[in-house]
Structure formats: C-alpha cells, structure tokens
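Q: If you scroll down you'll find the structure; I have some questions about it.
The values are calculated or read from the model by the stated rules, or taken from the named source; none is laboratory data. In this text the structure is predicted, and so the values were computed from the model without any measurement. Reconstructed Cβ throughout: ideal geometry from the backbone, glycine too, with neighbour counts over all protein chains shown.
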Amino acid sequence: MSSFSIFQVAGSAMAAQSVRLNTVSSNLANADVVASRPEDTYKARVPVFEAQADGQGVNVREVAESDDAPLKRYQPGHPLADEQGYVYAPNVSVVEEMANMISAARSYQSNLEAVNTAKSLMLNTLNMGR
Amino acid sequence: MAGDIFSSALYGDFSQALKVHGQRLDVLANNLANADTPGFKARDIDFRAALTSAQSSRSEGSQMATTNAGHIGGTDDVQASLRWRIPSQPAADGNTVDADLEQARFGEAAMRYEATLRFVDGRVKSMLTAITGQ
C-alpha cells in the first residue's frame, strides 16, 4: 500500500459514481418512452457496486436491469395503444432517480475532496526541507 | 557515515508516524470510496497499535523471511492494526460507512499527517542550518 493508492481508491469511486450518474441519466431520458407490449419497454438500469479486495476501492460489477413490472396506462387514443387501449411505460421512478442522482453527485464530490487533500499533502511532503 | 543524517535519530518516531498516518488516510479513503457499496464494512487503523508495531519492526531491523510456501511471514503493520468500525445506525444494505463521519475523520487524519510533516520538516531544516552554518 503506497501513499499513491489513495488516488487509485478515490479514482475508482469517482469512476463508479460516474457510471451511476450515467445510468440515472439514461433512466430519466427513457422514463417517458412507452411501448405497446410490456416486454418491449425500457427497463431501469441499476449499477451494482462491489468492494475491491485489499482495500483498493470500488468497482462496478455489472449494470443490471430492474425486474419491476412496467407501468400499465389506459390511453386508448395513444397511437401505440394495444387492442385493450393500454400503453406500457418503463419501470423508472423519476423521484427515485433524482434522489439517486443527488447521492451520486455528493459521493463524487467527497471523493474528489479526498483526492485534493491527498494531493496537497503529497506536495507538502515533496517540499520537505525547502 | 553519510547514512547517519537520514537515520531515525534525526527524525525520531516521526517518520514511522508519517507512514502510519499515510496508511490511515488510505484506509479512510477506501471507506469513502465504498460509501455506496452494499455490505461493505468500514474499517479504521488503531493508530497506537500500528505505531507500536512499526516501531518494533524497526528496532528488530527486519521482517521475518518466508523461504517456503508454508512459512508465516511477519504481519504487515497495517493489516494487523485494522479494526472494524462500530456503526452508529444500521443500514438496510449492511453497509457501515457513515460518509459524514468518514469525511470528518479523513480531514482529521490529513491534519495529523500535516502536523507530523511539520515536525519532520523542522528537523530537516535545523540539519540544513547546521550544515550551511547560516
């Protein structure tokens, strides 16, 4: 474990949080895309984090698809409505995604802060004796 | 002997302390990095234990050598002094990182590192003064 592992650790966390932000924006962008069959709807993407061995940060194991059922809406006038007059919306909860987005941004910021602190400590160490 | 100006007599225990503080920063950064990882258990270094083991490994001169796969080597200073954090409140996903607390501790550890660095720096500067005589 060197003093530079802090950059690797915080960097891995920032990368993971970026993936999370990407899935949030993907989910939000597709929140209103309706389909005429339930299996054709967009499924909410969820990143699965796991800790790396030996305290070396975090990585994204996979970006899973949510198993929640799509929302069924009665809109007989909709061009994509099926014979019964239903359209199917993605299983994306916009409120949940917004909360997710704020949490990811906060985590990203705190890791960035850790990198900045470590950087100034390293610089001070390099300037030892001057 | 030229090596003497880099000896521990000059830096005292500060160089060991600096190393342990650096390792503690690594552990705390890892806690922060895993603040959103399900099931992750936050850890911290028992500073007293880590410093004592760093000092004793210095006075013994070296770590135990492992020349066979069955040998048990000397324990790493940090690994032996890692402790689990006791969570203040449970999380549904089994994660025990409290991001605010970890951030506060990270700031504290950075401050301690800096303070130790100042002491080392002071020793170096006084040695430079002695060398240049000004």
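Q: Assuming A:ASN100 fulfils every condition listed in (1) of a type outside the set (A, V, I, L, M); (2) touching a helix residue (DSSP H, G or I) at 6+ places or on another chain (Cβ under 9 Å); (3) surrounded by fewer than 17 Cβ atoms within 10 Å (Cβ to Cβ) apart from one, which condition is it?
A: Among (1) of a type outside the set (A, V, I, L, M); (2) touching a helix residue (DSSP H, G or I) at 6+ places or on another chain (Cβ under 9 Å); (3) surrounded by fewer than 17 Cβ atoms within 10 Å (Cβ to Cβ), A:ASN100 violates only (3).
Q: Now a separate question. Being small (Gly, Ala, Ser) and either touching a helix residue (DSSP H, G or I) at 6+ places or on another chain (Cβ under 8 Å) or under 30 Å from B:GLN23 (Cβ atoms) (or both) narrows it down to one of A:ALA51, A:ALA81, so name that one.
A: After applying the criteria, what remains is A:ALA51.
Q: With the structure loaded, tell me whether B:SER56 is modelled with pLDDT under 90, over 24 Å from A:GLU113 (Cβ atoms) and buried (at least 22 other Cβ atoms within 10 Å of the Cβ) or whether it fails that test. Steps first, please.
A: Working: modelled with pLDDT under 90: yes; over 24 Å from A:GLU113 (Cβ atoms): yes; buried (at least 22 other Cβ atoms within 10 Å of the Cβ): no.
No: the conditions fail for B:SER56.
Q: Select, from A:ALA99, A:ALA69, A:ALA64, A:ALA81, the only residue that is within 13 Å of another protein chain (Cβ to nearest Cβ) and not in a strand (DSSP E or B). Quick ask: steps written out before the conclusion?
A: Numbers: A:ALA69 fails: within 13 Å of another protein chain (Cβ to nearest Cβ); A:ALA64 fails: not in a strand (DSSP E or B); A:ALA81 fails: within 13 Å of another protein chain (Cβ to nearest Cβ).
From the options A:ALA99, A:ALA69, A:ALA64, A:ALA81, the qualifying one is A:ALA99.
Q: Just to verify a result, which residue in segment A:67-102, among those that are under 13 Å from the mean Cα position of the chain (by Cα) and of a type outside the set (A, V, I, L, M, F, W, C), is farthest from A:ALA10 (Cα to Cα)?
A: A:GLU96
Q: For A:TYR88, are the conditions met, namely being crowded, with 18+ Cβ neighbours inside 10 Å, away from every other protein chain (no Cβ under 13 Å) and not hydrophobic (A, V, I, L, M, F, W, C)? Write out each step before concluding.
A: Numbers: crowded, with 18+ Cβ neighbours inside 10 Å: yes; away from every other protein chain (no Cβ under 13 Å): yes; not hydrophobic (A, V, I, L, M, F, W, C): yes.
When the stated conditions are applied, A:TYR88 passes them.
Q: If I ask for residues that are within 14 Å of chain B (Cβ to nearest Cβ) and surrounded by fewer than 15 Cβ atoms within 10 Å (Cβ to Cβ), which ones from segment A:1-40 would you list?
A: Answer for segment A:1-40, where residues must be within 14 Å of chain B (Cβ to nearest Cβ) and surrounded by fewer than 15 Cβ atoms within 10 Å (Cβ to Cβ): A:SER2, A:PHE4, A:SER18.
Q: Being touching a Lys or Arg at 6+ places or on another chain (Cβ under 6 Å) and part of a helix (DSSP H, G or I) is the requirement here; does A:SER26 meet it?
A: Yes, satisfied.
Q: Being in a loop (DSSP other than H, G, I, E, B) and modelled with pLDDT of 90 or more is the filter; apply it to segment B:96-134 and report the residue that is nearest to the other protein chains (Cβ to nearest Cβ).
A: Going through the qualifying residues, I end up with B:VAL97.
Q: Does A:ARG45 satisfy being away from chain B (no Cβ under 14 Å), more than 27 Å from B:LEU82 (Cβ to Cβ) and free of Cβ contacts under 8 Å to residues at least 24 places away in the same chain?
A: yes
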